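Heads up, the thing below is written out as structure tokens.
The values are calculated or read from the model by the stated rules, or taken from the named source; none is laboratory data. Computed from a prediction, not measured in an experiment: that's the story for all the values here. All Cβ positions, glycine included, derive from the backbone under ideal geometry; neighbour counts span all protein chains shown.
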Amino acid sequence: MKNSLEAINKRTEWFRESRFGMFIHWGLYSIPGKGEWVRSHQRLTIEEYEPYFEAFNPTEYNPREWARQAKAAGMKYMVLTAKHHDGFCLFDSDYTEYKVTNTPIGKDLVEEFVEAVREEGLKVGLYFSLIDWYHKDFPKYADLNHPMRGNEAYKDEKIDFDNYLTYLHNQVKEIVTKYGKIDILWFDYSYEEMVGEKWQATKLIEMVRHYQPDVIVDNRLETSGEGFGSIVTDDIQLYSGDFVSPEQIVPHEGIRNYKGDPVPWELCLTMNNNWAYNPTDYLYKSSKTLIRKLVECVSKNGNMILNVGPDALGQINSPSLAILKDFHEWMSRNGESIYGCVGEYDLPKPEWGYYTKKDN
């Protein structure tokens, strides 16, 4: 069973019409405020990371306000990190104790998120990490990213990776069966030998499509943010995903397949230099720069998903809100040059900016 560009284009029709979304990176790592990779970067043990689990109590969490901000900024869909690499679940999973319902906040935050997003008329997306630094059967010593990489205590550890895969598939099944219609499933990510069938990707996507036939999926079951995967080849795998997911850098000429046909893609982009909340990162891109990035993406037949990293209480900080306000003002006047638009390849790129085209 294979995928096809025709099927991909049909599934992504609304996505290519929408062009602009909000990414939200939020979890236990929002408490130390040093980015979502803090466990890996600081090589923290589970015990050293545990205080954040015990303290997680985002009393200001208001996904309706997030959704209102996204909608006002002209965004048409939202994607939340249901589970990031640290393995902590913002949803009530039956397969782990490492979940939000066992923290002081004590409730399923994904459930509230999807309801709020739908109420604002936006499409719902959930991000799910293929990597899990909490699970006992995920590779540690020889892994590229694990917090315990190179730690001699784990050198001869025996793990049961098949057990991990069962866990992974069970949790993805929860994501696609517990929350109604999911519009985007954003997997992250494949690397080295951890790619494709290492995740039992065909079986995983068959299950996802059984429960959510219309969901669109990114390409990271097959590759990383730097790769394209088989979606650009003449042998598109079932798990190729429906769009390519370049990170931070706009592709030079958009993304096309081996025939030169446009392939759906989405730039994922941070406002500053961190995905998750980091109060010491003041290096915010200007609103003008970010708006120009969106225009550039659309002029190359792509989407852009712009990230916010709420703080430990669940609030979006002032610099991020100011950027969203600037998008509101610009999109209110210029949205018709974004929604449903494509690049114009018959005309050379002007010195002053980019073209987009709608219909004829």
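Every listed requirement among (1) on the phi < 0 side of the Ramachandran plot; (2) within 19 Å of the chain's Cα centre (by Cα); (3) not charged (D, E, K, R) is met by G74 save one, (1).
Restricting I46, I24, I31 to residues that are touching a strand residue (DSSP E or B) at 6+ places or on another chain (Cβ under 9 Å) and among the β-branched types (V, I, T) narrows the list to I24. Answer yes if at least one residue in region 284-294 is touching a residue at least 40 places away in the same chain (Cβ under 8 Å), touching a strand residue (DSSP E or B) at 6+ places or on another chain (Cβ under 9 Å) and not in a helix (DSSP H, G or I), and no otherwise. No, region 284-294 contains no residue that is touching a residue at least 40 places away in the same chain (Cβ under 8 Å), touching a strand residue (DSSP E or B) at 6+ places or on another chain (Cβ under 9 Å) and not in a helix (DSSP H, G or I). Selection within region 192-216: residues that are in contact (Cβ under 8 Å) with a residue 60 or more places away in the chain, of a type outside the set (S, T, Y) and part of a helix (DSSP H, G or I). The member of this set that is surrounded by the fewest Cβ atoms within 10 Å (Cβ to Cβ) is E206.
Among residues of region 274-310 being in contact with a helix residue (DSSP H, G or I) (Cβ under 6 Å, 6 or more places away or on another chain) and over 17 Å from M78 (Cα atoms), the one that is surrounded by the most Cβ atoms within 10 Å (Cβ to Cβ) is Y277.
Residue by residue, here is whether (1) closer than 28 Å to H135 by Cα; (2) of a type in the set (D, E); (3) in contact with a helix residue (DSSP H, G or I) (Cβ under 8 Å, 6 or more places away or on another chain) holds:
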| position | (1), (2), (3) |
| --- | --- |
| G33 | yes, no, no |
| H41 | yes, no, no |
| E47 | yes, yes, no |
| F53 | yes, no, yes |
| W66 | no, no, yes |
| G74 | no, no, yes |
| V79 | yes, no, no |
| K83 | yes, no, yes |
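Within region 131-173, being assigned to a helix (DSSP H, G or I), surrounded by fewer than 16 Cβ atoms within 10 Å (Cβ to Cβ) and over 20 Å from the mean Cα position of the chain (by Cα) holds for E152, A153, F161, D162, N163, T166.
Residues are listed down the side, and each one gets a yes or a no for (1) closer than 26 Å to L144 by Cα; (2) in a helix (DSSP H, G or I):
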| position | (1), (2) |
| --- | --- |
| N9 | no, yes |
| G33 | yes, no |
| S40 | yes, yes |
| E50 | yes, yes |
| D86 | yes, no |
| F91 | no, no |
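Residues in region 297-315 that are over 27 Å from R16 (Cβ atoms) and touching a Phe, Trp or Tyr at 6+ places or on another chain (Cβ under 8 Å): P310, D311, A312, L313, G314.
Scanning region 201-255 for residues that are within 18 Å of S190 (Cα to Cα), modelled with pLDDT under 95 and either touching a Lys or Arg at 6+ places or on another chain (Cβ under 9 Å) or of a type in the set (S, T, N, Q) (or both) yields S224, G227.
If you go through region 297-317 one residue at a time, do you hit one that is of a type in the set (S, T, Y) and within 25 Å of G35 (Cα to Cα)? No, because not a single residue in region 297-317 is of a type in the set (S, T, Y) and within 25 Å of G35 (Cα to Cα). Could you list, in sequence order, all residues of region 93-133 that are under 20 Å from D183 (Cα atoms) and charged (D, E, K, R)? D108, E111, E112, E115, R118, E119, E120, K123 - these are the residues of region 93-133 that are under 20 Å from D183 (Cα atoms) and charged (D, E, K, R).
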